[in-house]
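*Asks:* Input: one structure, supplied below.
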Amino acid sequence: MDMLMFQLKKKSTTPIYKQLYIEIKQAIIDGKISVETKLPSKRKLADFLDISQTTVELAYGQLVAEGFIESRPRKGYYAQAVEELAYLDLPQEEPVIPEKIDYKFDFNPAQIDTGSFPFSTWRKLAKDVLDESNGEFLLSGHPQGDDILRQEIARYLFQSRGVVCQPNQIIIGSGTEQLMPLLIRLLNKNLIFGFENPGYALTHSIFSHHDRQSLPISIDEDGINMEELEASPVDVAYVTPSHQFPTGSVLSATRRAQLLNWATAKPGRYIIEDDYDSEFRYTSRPIPALQSMDLSGRVVYISTFSKSLMPSLRIAYMVLPNTLLTEYNKTFLHYSSSVPRLDQQIVAQFMKGGHFSRHLNRMRKLYKKKLEKLTAELALFAPAVKISGEQAGMHVVLTVQTPLSEKQLIEHAKAAGIRVFGLHSYDVRKSESSSPRIVIGFGGLSEQQIEQGIHQLMASWEINKTKSSSSL
């Protein structure tokens, strides 16, 4: 295509990268840049507009993250079909309502085993907390969360994850999506965030929704690509080192050291460690948190009770290094905690009474049995399917040898009443892979459902058994 001519106002308060992003995005929506048009290289566009390549890279990165353009290895960037993009950017005559489907087997990685929750214990603790003598719990508490819960979390994190912190460093909030914006506001607004790709989709949108520059950084079997990170202008790296979502890779010891060294190599750099499902590790002892190795106050640790207790509880927590704690206390002095105190008190008593550790031990054994059942059933169909990411967590990734595309595999499964997820959907660059990869969650299914679901899934993909049950 001809070189893009945009009127960029260098004296505007709107960053140049954002002006460029808005101009290209609008040109695609208006049809001025047609579908499958190849955009200029970052170097050529930077030279033509007399701006830095980093500025172009940030604009292109945001457009890739939102799906307006696609990055193709060794080929360049191409405009995508507007009608396939997120409808939020387009005028709508009717509201878009997600299709409601009743699946026979739902392999959603976010599901947990609800039948094993200790309802009777929880009910007793809730009754004890809901007592006339506890009228103070009806009032607003500490903005960072009740002290007793923060004490229990600090004790638990030290014993289970090696995290060294004081209760006053812990901020309790109603989910990662509520804590992340607080953290973003603590950091300089000119800092550039880097996120894992493929990765947790919510995180990408949080950065863009809060007007922060962000770039995808590739993932391989050892975790985040350090060469790519070091070559980028990223200042804050968001990572899931203990069990990367969705690939399941574990950040290697070498990469952990490299990442911490990267953070300390330049003032103002930070690492956001999301430890979302570290409680469930099956092949060896739990790997200590990255925060436990941090000697310079560069790691912000975030986790949640969504997997260990229940998603509906809406309690997450963030451990701030002391370098950010003073700024937090100054910025959010008048905020109230977003988590009801009664819920905080129930969780605190659940942990203090030893119920939480016992519950985790039970659930770890339960999920391990489910994983063993899943891998045994999938082994019957090897080598057409290959498993990865099974060391921890509640999902695995299947690499499928088939003439079908990833999208076709998902559609065939859907037609059979089975819900699965394509790894491609978590990839903002939409990179091409040699074989389709499918994310399979097992937490919410029984062993019998896992067996039936896998066999019906393979039938929908027309993949036949290659091994008999007796040979396992």
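The values are calculated or read from the model by the stated rules, or taken from the named source; none is laboratory data. A quick note: this is a predicted structure, and the numbers were derived from the prediction, not measured. Because the Cβ atoms are built from the backbone with ideal geometry, glycine has one as well, and the counts that use them run over all protein chains shown. With ligands, DNA and RNA removed, areas are computed over all heavy atoms of the protein, side chains included. Shrake-Rupley method; radii C 1.70, N 1.55, O 1.52, S 1.80 Å.
*Asks:* Would you mind working out the accessible area per residue for the stretch 215-302, using a 1.4 Å probe, and quoting it in Å²? Please report the intermediate quantities before stating the final value.
*Replies:* Values: 3090 Å² over 88 residues.
That works out to 35 Å² per residue.
*Asks:* Here's another thing I want to ask about it. Restricting to DSSP H runs of at least four residues, report the calculated mean residue ellipticity at 222 nm for the chain, -39500 (n - 2.57) per run over all residues, nearest 500 deg cm²/dmol. Could the numbers behind the result be given before it?
*Replies:* On the way: 14 runs with 172 residues, N = 472.
Taken over the chain, the calculation gives -11500 deg cm²/dmol.
*Asks:* Filter the trypsin sites (Lys or Arg not before Pro) in the stretch 135-200 to those in DSSP coil with at most 14 other Cβ atoms within 10 Å of their Cβ, and list the result.
*Replies:* Working: sites: R150, R155, R161, R185, K189; in loops: K189.
Listed in order of number, the matching sites are K189.
*Asks:* Could you give the accessible area per residue of the stretch 1-63, probe 1.4 Å, as a whole number in Å²? List each step's numbers first, then the result.
*Replies:* Values: 3610 Å² over 63 residues.
Dividing the accessible area of the stretch 1-63 by its residue count gives 57 Å².
*Asks:* Given the Cα-Cα distance of D222 and N188 and 0.36 nm per residue of separation, how much length would full extension add, in nm? Present the calculation step by step, with values, prior to reporting the outcome.
*Replies:* Values: separation 34, 0.36 × 34 = 12.24 nm, distance 2.99 nm.
Length gained, D222 through N188: 9.2 nm.
*Asks:* Still on this structure, please answer the following. Treating only the Cβ atoms of Lys and Arg (+1) and Asp and Glu (-1) as charged, compute the dipole magnitude of the chain about its Cα centre; round to the nearest 20 debye.
*Replies:* Working: 53 positive and 53 negative charges, 193 e Å.
Computed charge dipole of the chain: roughly 920 debye.
*Asks:* Give the Cα extents of the chain along the principal axes, in whole Å, largest first.
*Replies:* 71, 63, 51
*Asks:* What percent does the relative contact order of the chain come to when contacts are Cα pairs within less than 8 Å and at least six residues apart? List each step's numbers first, then the result.
*Replies:* Values: 771 pairs, mean separation 88.7, N = 472.
Answer for the chain is 19 percent.
*Asks:* Sum up the charges of everything whose Cβ sits under 15 Å from the Cβ of I206, counting Lys and Arg as +1 and Asp and Glu as -1, but leave I206 out. If you can, show how the numbers build up before the last one.
*Replies:* Working: positive: R185, K189, R212; negative: E66, E177, E196, D211, D274.
Once all neighbours under 15 Å are counted, the net charge is -2.
*Asks:* Let me ask another. On average, how much accessible surface per residue is there in the stretch 335-472, in Å², for a 1.4 Å probe, leaving out ligands, DNA and RNA?
*Replies:* On the way: 6330 Å² over 138 residues.
The answer is 46 Å² per residue.
*Asks:* Of all accessible surface on the stretch 358-428 at a 1.4 Å probe, what whole percent is carbon and sulfur?
*Replies:* Values: 1690 of 3070 Å².
Ligands and nucleic acids excluded, carbon and sulfur reach 55 percent.
*Asks:* Which is farthest toward the positive dipole end of the chain among M318, W461, A27, measuring Cα position about the Cα centre, with Cβ charges +1 (Lys, Arg) and -1 (Asp, Glu)?
*Replies:* M318
*Asks:* Right, something else. Classify the stretch 170-307 from the C-alpha gyration tensor, please: rounded if a/c falls under 1.5, else prolate or oblate depending on whether a/b exceeds b/c. Mind showing how you got there, number by number?
*Replies:* Values: a/c = 1.40, a/b = 1.14, b/c = 1.23.
Rounded.
*Asks:* For the stretch 322-472, what relative contact order do you get, as a whole percent, if you take Cα pairs closer than 8 Å and at least 6 residues apart?
*Replies:* Values: 146 pairs, mean separation 38.7, N = 151.
Once divided by the residue count of the stretch 322-472, the mean separation gives 26 percent.
*Asks:* Rounded to the nearest 5, what % of DSSP beta bridges with both residues in the chain are antiparallel? Before the final figure, lay out each step's value.
*Replies:* Values: 27 of 45 bridges.
In the chain, DSSP labels about 60 percent of beta bridges as antiparallel.
*Asks:* While we're here: Run the simple label-point estimate for K127 and S160 please: 7 Å along Cα→C-beta, distance reported in nm.
*Replies:* About 2.6 nm separates the two model spin labels.
*Asks:* Still on this structure, please answer the following. Taking the Cα-to-Cβ direction at L8 and at L342 and moving 7 Å from each Cα, how far apart do the two end points lie in nm?
*Replies:* If labels sit at L8 and L342, their model points lie 5.5 nm apart.
*Asks:* Please sort by residue number the GluC sites (Glu not before Pro) in the stretch 354-403 whose DSSP state is loop and whose Cβ has at most 12 other Cβ atoms within 10 Å. Intermediate results must be reported in sequence, preceding the final value.
*Replies:* Details: sites: E372, E377, E390; in loops: E390.
Listed in order of number, the matching sites amount to none.
*Asks:* Could you tell me the relative contact order of the stretch 98-238? Use alpha-carbon pairs under 8 Å, at least six residues apart, and round to a whole percent.
*Replies:* Working: 105 pairs, mean separation 22.7, N = 141.
Here the relative contact order equals 16 percent.
*Asks:* Another question, if that's okay. Using the Kirkwood radius over Cα pairs, work out the Stokes-Einstein diffusion coefficient for the stretch 214-253 at 10 °C and 1.306 mPa s, in µm²/s as a whole number. Intermediate values should be presented prior to the final figure.
*Replies:* On the way: Rh = 10.4 Å.
Using the Kirkwood radius from Cα pairs, D works out to 152 µm²/s.
*Asks:* Same structure, new question: Given a 1.4 Å probe and every protein chain left where it sits, what share in percent of the accessible area of the stretch 36-81 is carbon and sulfur?
*Replies:* Working: 880 of 2050 Å².
In the stretch 36-81, the share of accessible area belonging to carbon and sulfur is 43 percent.
*Asks:* While we're here: What percentage of the solvent-accessible surface of the stretch 221-279, computed with a 1.4 Å probe over protein heavy atoms, is contributed by carbon and sulfur atoms?
*Replies:* On the way: 920 of 1880 Å².
Carbon with sulfur: 49 percent of the solvent-accessible area.
*Asks:* Starting from the Cα-Cα distance between Q408 and K266, subtract it from 0.36 nm times their residue separation and give me the gain in nm to one decimal.
*Replies:* Difference between extended and current length: 46.6 nm.
*Asks:* Treating only the Cβ atoms of Lys and Arg (+1) and Asp and Glu (-1) as charged, compute the dipole magnitude of the stretch 196-309 about its Cα centre; round to the nearest 20 debye.
*Replies:* Values: 9 positive and 15 negative charges, 59 e Å.
About 280 debye.
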